[in-house]
Each structure stands twice: as structure tokens, then as C-alpha cells.
1. Would you pick out the residues in the range 41-55 that are more than 18 Å from the chain's Cα centre (by Cα) and open to solvent by 80 Å² or more (accessible area, probe 1.4 Å)?
2. Scanning the range 73-127 for residues that are aromatic (Phe, Trp, Tyr) and farther than 30 Å from Ala49 by Cβ, which turns out most open to solvent (accessible area, probe 1.4 Å)?
3. What pairs come up if the first residue lies in the range 98-112 and is under 14 Å from Arg23 (Cα atoms), the second is polar (S, T, N, Q), and their beta carbons are under 7 Å apart, counting only those six or more places apart or on different chains?
4. If you check Glu11, Glu59, which single one turns out to be at pLDDT 85 or above and either open to solvent by less than 20 Å² (accessible area, probe 1.4 Å) or charged (D, E, K, R) (or both)?
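The values are calculated or read from the model by the stated rules, or taken from the named source; none is laboratory data. Predicted, not measured: the structure shown is a model, and the values here were computed from it. Here Cβ is always computed from backbone atoms with ideal geometry, including for glycine, and neighbour counts include all displayed protein chains. Note: areas computed on protein heavy atoms with side chains; ligands, DNA, RNA excluded. Shrake-Rupley method; radii C 1.70, N 1.55, O 1.52, S 1.80 Å.
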Amino acid sequence: MGDMGTNFITELIGRIDGPMHFRIYLQPLMAIIFAIRDGRKDAREGRPAYGWALLTSSEHRRYLLKDGWKGFRNVFVIAVVLDVVYQFVAIGSWRPLQALTAALLLAVIPYVLLRGPANRLSGNGKQ
């Protein structure tokens, strides 16, 4: 089990400077662009900051998750596909858990962290 965990971490770190390393910058950039777009839309519609509402508004959580998925699904799918291509080029096999983890780190986390601040910086969001 320890060897599998070590390989998992080592192979994730290897993505930073391995083949296709440009995606390490491109995928978060795309997630940030989508987060800003959606945060500004939230501000125009008077919605609260996305991440905070997701944590505190249990009655609206399902809607927020669906809305967030609509916002970043394309970036997430592209992140998974690019990671699978990377895996075949660099590792020679497919590791689905690593692909999902890389997509989570490169697409989902930047989107969720920046959508709320984009709302706040637009100046129209609810407290």
C-alpha cells in the first residue's frame, strides 16, 4: 500500500515538469477565467459569494453544486482528458484516480476559491 501511495504522489509531482507541463498553467488559468465570469454573474444577480454560500447555505447547496458544475464542467473534462493523454505519453498506462485528482487540483479548486472573490470584487454581492 505504501508503494502505491508513493507512486501516486511521485507521478502527480512528475506532471509539473514532465511532458505537456503547459497544462499546469493553462488549466488553472481557464478555471480562473470561468470563475471570474460566473462570479461577476453572481454579483449582477445579487447572489452571495459562491464558496461561502456553498459551505453555509445547506438549503441551496444542491442548486449551488449544480450551478458550479455548469460553470466549470468543460474545464474539468478537458483537465481529465489532458491528464489521461499525459499518462499514456509519460507513464504508459491509465490511472483514473490520478486523472481525477489532477483535474480537481487544476480546475475545481481554483474555480471554487476564486468565484466568490470575483463576486465581491464586482461590488454587487450580498454579504
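1. Correct list: Arg44, Glu45.
2. Step one: list which residues in the range 73-127 are aromatic (Phe, Trp, Tyr), which gives 76, 86, 88, 94, 111.
Next, from what is left, pick out any that are farther than 30 Å from Ala49 by Cβ: 86, 88, 94.
Working: Tyr86: 11, Phe88: 117, Trp94: 146 Å².
So the residue we want is Trp94.
3. So the pair list comes out as Ala99/Gln87; Leu106/Gln27; Ala107/Gln27.
4. On the way: Glu11 fails: at pLDDT 85 or above.
Answer to the check: Glu59.
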